[in-house]
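Take a look at the structure set out below.
The values are calculated or read from the model by the stated rules, or taken from the named source; none is laboratory data. Not measured: the values here are computed from a predicted model. A quick note on method: Cβ atoms are made from the backbone with ideal geometry, for glycine too, and the neighbour counts reach across all protein chains shown.
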Amino acid sequence: MRTYLPLCLALASATLASGLLPSSSPREAPLLGATARADDAVVLSTCTIRGAQPIRKGQQLFDAPRGGRVLGQFTGAIGPASVTLPVDLNVRARVRTSAGKPTLRLDGWSSLDTFQVYTTRDVPVLQGSLWLATGHVVQPVKVAGDQLTGELTVQGSQDRKLRGTTACDAFSLDRTRPVPFDIPGNARGYLTKGSTVTLFDGAGGTEILEMALAEGASQLFWSTESKGAFVHVLSRGDIVVDAWARLRDLSPLKKGEMMDQYIPPSTQTSGAQLKLEKDPRVLKVAREIPVRLRPDDKDKPIGVIEAGAEIFEVGSTPKWINVLPRELHVTPPSDAGYWIPADAVAPPPTPAPSPAPAPR
């Protein structure tokens, strides 16, 4: 079985370059703990990306976009998050450790590198010809209004990158599955002959991309159409191609001959599996409860336990309870804890006394 390596891409024209760099989210409650000082002011976009994923172990959550005190540290376990991107992507993003399911919701700031961003649909690079494919990781590089530009390093290339822009709802923190290529029944396969193949936006049209292949590798395309010296070629991997190529650069397979598609390697990350030494008491809260780093009413709340959330009780004083989220995806700084008022949680029901045995 022959192995087909992915494309090593090089931009070939100003037409594509202009396509790579083109010119929302529901309203949320105010942040409780992540308030920026005047000298640290950050302009936030309207682009918020949500989901749950194994959040990178050791990355920290701060109470300010620059500097500030540490609110928590991510453990590598799967945890929910809502990330609102700043207009300047070089500074921290606004982060909430919540994305729908009730949990410990901290309001803070963290680097974009803390999270992986996935495409949830094909993202246009050059409309009608080239896309970043669904289900692949991209790096956010630009945000304008509700439009986000993501950058993808093409697998198997020499660090070649492509950029695509579309609405923010095409991106998620949830891992999404790549879409398989549905080969037309009457399609014929074509392999590249040399080390490069040039793509065009039509038969004899404008050159849009030159693809440089790794040494000794071939790229597999499928086609149902040809015009003169050109073939309409299709492929799907980490990028999607719908373009035209010169027949002289391709070697057609025999009719009816099928070749295995190249499937880019992927790593399935399950997240850290964490467990406390002792089975702690589990609390389920009926209403939102403010969370503080210290058991002191004067300490400013940094977030809330959301109504309906289940949390672990890991310590207590007469007036305060020290808690952790049941997901264990974030832990407090070493010199602090997550504290809630003891009177905010209903005491566990007192077991009914066992009935006295009936007299004999």
Which members of segment 138-149 meet the condition of being surrounded by 16 or more Cβ atoms within 10 Å (Cβ to Cβ) and more than 11 Å from residue 170 (Cα to Cα)? 138, 139, 140, 142, 143
Among the residues of segment 194-205, which ones are in contact with a strand residue (DSSP E or B) (Cβ under 9 Å, 6 or more places away or on another chain) and loosely packed, with under 13 Cβ neighbours inside 10 Å? 204
Here are some residues: 125, 91. Which one is in a strand (DSSP E or B) and of a type in the set (Val, Ile, Thr)? 125
Suppose we filter segment 154-175 for residues that are surrounded by 16 or more Cβ atoms within 10 Å (Cβ to Cβ) and at pLDDT below 95; how many remain? 7
I'm checking my understanding of the structure. Among residues of segment 319-344 that are small (Gly, Ala, Ser) and under 18 Å from residue 62 (Cα atoms), which one is surrounded by the most Cβ atoms within 10 Å (Cβ to Cβ)? 337
Qualifying strands (runs of 3 or more DSSP E) (wholly inside segment 175-254; at least 1 residues being of a type in the set (S, T, N, Q) and under 29 Å from residue 139 (Cα atoms)): 196-200, 230-236
Looking at residue 218 and the list (1) closer than 21 Å to residue 248 by Cα; (2) surrounded by 19 or more Cβ atoms within 10 Å (Cβ to Cβ); (3) within 29 Å of the chain's Cα centre (by Cα), which single condition is not satisfied? (3)
